[in-house]
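Asks: Here it is, the structure in full.
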Amino acid sequence: MNDLLFFFLENMALIIALMYLALKLKETLLVEWKSSTQFLWLSSAFFSFLSFSVMHNPFIHEGMRLDLREVPIFFISYIGGWPFGILSAIVPGIFRASLGGPTVVEGILQSLILPIIIGALFREKVPFNHLFIIINIKRMLTGFVVFEFIKSIWMIATTPATLFIVAAMFFFAGIAVLAMSLILNGENRNLILRRELEFYSNQDPMTHLPNIRFFKNKVGAFVDDKQPLSIAMVDVDYFKVYNDTHGHQKGDQVLRTIGQLLIDSTSDSDVVARYGGEEFIICFTGEADPEKIFAMADKVRQNIESHRFEGEELQPGGIVSVSVGLSFSDGTRSLDQLTKEADKALYQSKNKGRNCVTLYEQKNENLQPLNG
């Protein structure tokens, strides 16, 4: 009996160890996954291998092959449903059938088919992302206990298995399922937390635009590739007046709306971010003609000017508008240079009466305004 207990202990340890290694591999290669469904298909292959691994060197009792093959099959069936459970059971089922023996049919039905059925029945019928699933451990263990109870009675009634054998299988299989669930939940919570930290470290919390850190990293790569691009500094005209008149809550809403208008007024290849306060920054890419860049920047200005903001009639001029400073590079200048030049051009736009675009000219440091 000690040999039997040690065998089940080895099976349990193998399942837990391979599960942990697989999740660490998933964490490393996560950027490669395109969808949670793709990940589930690959998971089915892994759990098929896991089930096959514990079947490879079984404990033999009166011609009956004993192992914990049902644990991976139940687990994937609970997570993904019966299609993925069946897929995972194909190779172990063929392998078990090829081995023959007096209990081959019972072994396939009790340890491969039954866990698929019970696991799928207890599966939570709610949408979730399989890449970051958090298992309801209580529900899963309830389903597993139901499965083991049915299987144990079935084994005692139809195979040479004793009460001690089925009790030992029940105990070690239950620990394995619990450990797999705890490992999966722990790893996925860490991944979710890491992704949230990455997301919020690159996003402005108020406007939900990328922040200046993200902007510098993204545009810095364009500069390193010596791509032609232009930088536009955008400042909301008389924003302090709006805030003082309507309050900071409505002022924040204006900034959020302008942020969305900037996104709507630019292409997918452009980069828009909040620079700070009431200032935004844009990187226009894929265009080397200064006149066309001028037109793109003025389109941004016009779209904001034409938008109807709440309470804008109390603003100087009766509208909410922006001033824009623009700088251009053919791929030979740094991002810091471009940002400083765009800032100088923005300052000139304000001096010209606001609500206009000014392009910084490098040669003579002349500033040419484009009035709205």
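Asks: With all protein chains present, how much of the accessible area of region 217-330 (probe radius 1.4 Å) comes from carbon and sulfur, to the nearest whole percent? Could you put the intermediate results ahead of the total?
Replies: On the way: 2440 of 5110 Å².
Of all accessible area on region 217-330, carbon and sulfur atoms account for 48 percent.
Asks: How far is helix 82-99 tilted, in degrees, relative to the longest principal axis of the Cα atoms in the chain, given as a value from 0 to 90 rounded to the nearest 10?
Replies: Relative to the chain, helix 82-99 is tipped by roughly 40 degrees.
Asks: I want to verify the translational diffusion coefficient of the chain in µm²/s; compute it with Stokes-Einstein, Rh as the Kirkwood radius over Cα pairs, at 25 °C and 0.890 mPa s.
Replies: Roughly 97 µm²/s, to the nearest whole number.
Asks: By what distance, in whole Å, do the Cα atoms of region 241-310 stretch along each of the three principal axes, largest value first?
Replies: Taking the Cα atoms of region 241-310, the three principal extents are 41, 22, 18 Å.
Asks: With an 8 Å cut-off on Cα pairs and a minimum separation of 6 or more residues, tell me the relative contact order of region 1-103 in percent.
Replies: With pairs under 8 Å counted, the relative contact order is 29 percent.
Asks: So how exposed is H307, as accessible area in Å² (1.4 Å probe, rounded to 10)?
Replies: Only protein atoms counted, so the area is about 60 Å².
Asks: By a straight-distance test (C-alpha under 16 Å), which aspartates and glutamates pair with K350 as possible cross-link partners, with residues fewer than eight away in the same chain excluded?
Replies: Here the aspartates and glutamates satisfying the reach criterion relative to K350 are D235, D237, E278, E279, D298, E305, E341.
Asks: So what is the accessible area of the chain per residue, in Å², with the probe set to 1.4 Å? Intermediate results must be reported in sequence, preceding the final value.
Replies: Values: 18090 Å² over 372 residues.
Accessible surface, normalised per residue, equals 49 Å².
Asks: I would also like to ask the following. What does the convex hull of the Cα atoms come to per residue for region 192-242, in Å³?
Replies: Considering the Cα atoms of region 192-242, their hull volume per residue is 95 Å³.
Asks: For the cross-link pairs K226/K292; K240/K340; K26/K125; K216/K344, which exceed 28 Å when the distance is taken from alpha carbon to alpha carbon?
Replies: With Cα atoms farther than 28 Å apart: none of K226/K292; K240/K340; K26/K125; K216/K344.
Asks: Rounded to whole Hz and in sequence order, give me ³J(HN,Hα) for region 7-21 from the Karplus expression 6.51 cos²θ - 1.76 cosθ + 1.60, θ = phi - 60°, writing x for Gly and Pro.
Replies: Karplus-based 3J(HN,Hα) across region 7-21 equals 4, 5, 5, 5, 4, 4, 5, 4, 4, 5, 5, 5, 4, 5, 4 Hz.
Asks: On to the next question. Given that compact globular proteins tend to follow 2.2 N^0.38 Å, what is the ratio of the alpha-carbon Rg of region 180-305 to that value?
Replies: 1.30
Asks: Follow-up. If you rank W154, W82, W41 by how much accessible surface each has, with a 1.4 Å probe, what is the order from largest down?
Replies: Values: W154 90, W82 150, W41 130 Å².
From most accessible down to least: W82, W41, W154.
Asks: If you plug each phi of region 338-354 into the Karplus form 6.51 cos²θ - 1.76 cosθ + 1.60 with θ = phi - 60°, what whole-Hz ³J(HN,Hα) values come out, in order, with x for Gly and Pro?
Replies: 4, 5, 5, 5, 5, 5, 4, 5, 4, 4, 5, 4, 5, 5, 7, x, 6
Asks: Return the tail of the calculated pair distribution for region 118-205, meaning the percent of Cα-Cα pairs more than 15 Å apart.
Replies: Here the long-distance tail beyond 15 Å is 69 percent of all Cα pairs in region 118-205.
Asks: Using only the Cα atoms, work out Rg/Rh for region 221-274, with Rh taken as the Kirkwood radius, to two decimals.
Replies: 1.12
Asks: So, one more: What figure in square angstrom, to the nearest 10, would you give for the accessible area of D343 with a 1.4 Å probe?
Replies: D343 has an accessible surface of roughly 70 Å² with all protein chains in place.
Asks: In addition: Sort V145, V324 from largest to smallest accessible area, using a 1.4 Å probe on the heavy atoms of the protein chains. Walk me through the numbers on the way to the answer.
Replies: Values: V145 75, V324 0 Å².
Ranking V145, V324 by accessible area, largest first, yields V145, V324.
Asks: Using all C-alpha to C-alpha distances in region 22-119, build P(r) with 10 Å bins and read off the rounded percent in each one.
Replies: 17, 46, 26, 10, 2
Asks: Same structure again: Provide E310, E70, E124 ordered by accessible surface of protein heavy atoms (probe 1.4 Å), highest first.
Replies: E310, E124, E70
Asks: Next question, about the same structure. Using a Cα-Cα cut-off of under 22 Å, which lysines could be cross-linked to K24, ignoring same-chain neighbours fewer than 8 residues away?
Replies: The reachable lysines, counting only those whose Cα sits under 22 Å from K24, are K34.
The values are calculated or read from the model by the stated rules, or taken from the named source; none is laboratory data. Computed from a predicted model, the values in this text were never measured in an experiment. Heavy atoms of the whole protein, side chains included, go into the accessibility calculation; ligands, DNA and RNA do not. Shrake-Rupley method; radii C 1.70, N 1.55, O 1.52, S 1.80 Å.
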